[in-house]
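First up is the structure itself, then whatever we jot down about it.
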Amino acid sequence: MPDQSEIIAALFWQGEIGVDEALDEQPADWTRFAARASAARRAPAPPATPSLTLGPTRAATPDRRPPVDAPIPGLADARSLVAGVTSLAGLREALTRFEGCSLKHTAMNLVFADGNPEGKIMLVGEAPGEDEDRLGKPFVGASGKLLDKMLAGIGLDRTQVYISNILPWRPPGNRSPTQAEIALCLPFIERHISLVAPQVLVLLGGTAAKSLLNRAEGITRLRGQWLDFHIPGSTQIFPAMATYHPAYLLRSPIHKREAWRDLLMIKSRLT
């Protein structure tokens, strides 16, 4: 049996990676399910007649993406709220009044932005994490510390850049946001970018890149090249560079050299 210090270390590690909610009283052995699925793939096709299945079964995971052209409740309200916004203070107020996204009711704080809105660069990530939710500022946890080092590598700090996220509220347990949640928040971040009008837009991670650029490719294909970000319904176009999210670089440090090349391209663009 592990001693108390090992148990505490294991709990601390789970908290660091965002495991802060218990779903069942007993832990599930997911390797057992994986082995069962692998055996099922190797087994011959079952007969057409019904057969008795022994053992527990699991329901299929529902697709969180809304059907194509399906109406998203609250989206019309989001667009209406941002239609008359002409300042960052007004945009923040609009977010505080918006009730269409359920994430607002599970998060501790609205995470609006950090840095200098007059800076030449605006960085947009995916969503706040646990530390960001607690403090109400984007990129203040471990990934934020790495982001600060990345910026310092090209001679920048938070007084010279502006930082925000697509989602201003933390998804419970740091789960990935659903397509509906992203769609509800897009009008706000699009107006955010329009008001800041940066010289360079940096999209951190695949979710931010694919959502704002309306592209299907993954981050490995989108990064390392200059792309145009169009503000919907206007003539505003901003040069955008997609790169890896700092949280991903913490898990996969081998990609830091690719992110460094992206940063050098950004520095060259500014100078």
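The values are calculated or read from the model by the stated rules, or taken from the named source; none is laboratory data. Note that this is a predicted model, so its numbers are computed, not measured. No Cβ is skipped: glycine too gets one built from the backbone with ideal geometry, and neighbour counts run over all protein chains shown.
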Looking only at segment 91-108, count how many residues are part of a loop (DSSP other than H, G, I, E, B), touching a residue at least 60 places away in the same chain (Cβ under 8 Å) and either closer than 19 Å to Ile182 by Cβ or not hydrophobic (A, V, I, L, M, F, W, C) (or both).
5
With the condition kept exactly as written, say whether any residue in segment 118-129 is assigned to a helix (DSSP H, G or I) and either of a type in the set (D, E, K, R) or within 18 Å of Ala208 (Cβ to Cβ) (or both).
no
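Just a yes or no: is a residue in segment 134-148 over 19 Å from the mean Cα position of the chain (by Cα), at pLDDT 95 or above and closer than 19 Å to Ala259 by Cβ?
Taking every residue of segment 134-148 in turn, none turns out to be over 19 Å from the mean Cα position of the chain (by Cα), at pLDDT 95 or above and closer than 19 Å to Ala259 by Cβ.
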Of all the helices (runs of 4 or more DSSP H) wholly in segment 217-271, which have at least 2 residues that are more than 17 Å from the chain's Cα centre (by Cα), surrounded by 13 or more Cβ atoms within 10 Å (Cβ to Cβ) and at pLDDT 95 or above?
256-270
Could you please find all residues in segment 118-130 being crowded, with 16+ Cβ neighbours inside 10 Å, more than 17 Å from Ile182 (Cα to Cα) and not hydrophobic (A, V, I, L, M, F, W, C)?
Gly119, Glu130
